[in-house]
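The values are calculated or read from the model by the stated rules, or taken from the named source; none is laboratory data. This structure is a prediction, so every number in the text was calculated from the model and none was measured. Every residue, glycine as well, gets a Cβ built from its backbone with ideal geometry; the counts of neighbours run over all protein chains shown.
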Amino acid sequence: MADSRKNEQLSLGVSPRGGQQWLAAARAWAFLSERDHVLPDDIQAVAVPVIAHRCVARNQSKETSVSAVAGMLESIPVVV
């Protein structure tokens with residue numbers, strides 16, 4: 001969430017409430033996958049659809065928001 005507020009492509013990043021909704025969506029994704037726990041893959045799976053519409057791109061383009069969120073996800077190291 002903090003990275004979205006520092007991103008140069010975005011004029012408005014994800015709020016704390018947006019982060020809560022992101023986690024709720026990840027929990028729902030895990031439930032639909034018949035698990036009672038959330039994996040990092042669940043968080044990444046729902047990130048773009050949940051977060052992109054909450055961010056405001058500097059040029060007001062939805063595609064820019066989507067690409068900014070996707071870029072942020074790629075920059076996060078995955079723990080194995």
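Yes or no, residue by residue, for (1) of a type in the set (A, V, I, L, M, F, W, C); (2) in contact with an Asp or Glu (Cβ under 6 Å, 6 or more places away or on another chain); (3) modelled with pLDDT of 85 or more:
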| residue | (1), (2), (3) |
| --- | --- |
| Gly19 | no, no, yes |
| Arg27 | no, no, yes |
| Pro40 | no, no, yes |
| Ile43 | yes, no, yes |
| Thr64 | no, no, no |
Handout entry: Output for region 23-58, where each listed residue is of a type in the set (Phe, Trp, Tyr) and either in contact (Cβ under 8 Å) with a residue 60 or more places away in the chain or buried (at least 18 other Cβ atoms within 10 Å of the Cβ) (or both)
Key = Trp29
Practice task
Answer yes if at least one residue in region 22-38 is closer than 23 Å to Asn7 by Cβ and among the acidic types (Asp, Glu), and no otherwise.
Solution key: no
Fill in the blank from the handout: Within region 37-67, the count of residues that are assigned to a helix (DSSP H, G or I) and more than 10 Å from the chain's Cα centre (by Cα) comes to 8
Completion exercise
Among Pro16, Pro49, the single one that is of a type outside the set (A, V, I, L, M) and over 15 Å from Ala70 (Cβ atoms) is Pro16
